[in-house]
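Remarks on the structure that follows.
Read the figures in this text as sums done on the coordinates, not as results from a lab. These numbers come from a predicted model, not from an experiment. Glycine gets a Cβ as well: all are built from the backbone with ideal geometry, and neighbour counts include every protein chain shown.
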Amino acid sequence: MTRALLSRVPERARPALALPAGFRLDRGRVHEACGPGRHVFAALAAGAAQQAGGGDVLWIAPEWERDRPNPQGLCRFADPGRLLFATPRREEDILWCAEEALRAGCLPLVVVECVTLPALTPVRRLQLAAEAGMAAPGPAPLGLLLTPGAGGARGAETRWHMAPAHRPGAEGWLLERLRARRDPPARWQLGWGRGGLDAILHPRGT
């Protein structure tokens, strides 16, 4: 008796969080943002999660890291009054907190500031926790790892790099999709327009 190894049933589309300028992040998954503008990317995701009616956002950062998101700076992207901060004292507790929050499924977004690149096994545990959180009655959860340097967390659903690209009199960033399971690499120039944040797609190789 033969048995098909691959199903011909198309994969069901996941619910996604729509970010400004048309970007989307699948819910029930864990994504990665790196680069000097990674906190701006997280702020954009936080604002999108709040506007989608998903409730508060959890931001996890190590207790010894004194730099915190400035509420005044966040106002342009998200409501700082709806951000919950957790500051674990040990590095190993950072991902544990994220795992528990994703599994609970009571928050739409969990932002995790990583001191070092997480290993594959912890990231897989986070993915399983996010999947489990989809079954909870609350908003479908989404995890966002903020990694140092050029990133490279194995097992992340997507990897984004964001860096300032300001021009005289105009605030802007260069956003690159370095890796995604379903989409090719791409890069955009982001800037504030009259209608909000605008994105211009750069041809590959530029």
Exercise for the section: Mind sorting Arg159, Arg66, Arg177 by how few other Cβ atoms lie within 10 Å of their own Cβ, fewest first? Expected result: Arg66, Arg177, Arg159
Practice task
For segment 32-53 and segment 114-165, write down the distance between their C-alpha centroids in whole Å.
Solution key: 13
Completion exercise
Here FRET efficiency (C-beta to C-beta, Arg124 to Ala150, R₀ 25 Å, nearest 0.05) is 0.70
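What are the chymotrypsin sites (Phe, Trp or Tyr not before Pro) within segment 54-128 that DSSP puts in a loop, where the Cβ has at most 12 other Cβ atoms within 10 Å?
Trp64
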Fill in the blank from the handout: By the DSSP-based rule, helices of the chain that are at least 24 Å long along the axis (C-alpha) and have a mean Kyte score of at least 1.0 are none
Exercise for the section: Lys and Arg at +1, Asp and Glu at -1: add these up for the other residues within a Cβ distance under 15 Å of Arg89 and post the number. Expected result: -4
Completion exercise
Proxy exposure order for Val111, Val40, Val30 (fewest C-beta within 10 Å first) is Val40, Val111, Val30
Exercise for the section: With +1 on each Lys and Arg Cβ and -1 on each Asp and Glu Cβ, and nothing else charged, work out how big the dipole of segment 16-157 is about its Cα centre, in Debye to the nearest 20. Expected result: 220
Practice task
May I have the convex hull volume per residue, in Å³, for the Cα set of segment 103-206?
Solution key: 142
Exercise for the section: Out of all DSSP beta bridges with both ends in the chain, state the antiparallel percent to the nearest 5. Expected result: 55
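Given the convex hull of the Cα atoms of segment 16-157, what is a quarter of its surface area in nm²? It would help to have the intermediate numbers written out before the result.
Numbers: hull surface 30.1 nm².
Taking a quarter of the hull surface, the average projection is 7.5 nm².
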Fill in the blank from the handout: Ordered by number, the GluC sites (Glu not before Pro) in segment 18-113 that occupy a DSSP loop and have at most 10 other Cβ atoms within 10 Å are Glu65
Completion exercise
Proxy exposure order for Cys34, Cys97, Cys114, Cys75 (fewest C-beta within 10 Å first) is Cys75, Cys97, Cys114, Cys34
Fill in the blank from the handout: Helix-only [θ] at 222 nm, the chain, -39500 (n - 2.57) per DSSP H run of 4+, per residue, nearest 500, equals -7000 deg cm²/dmol
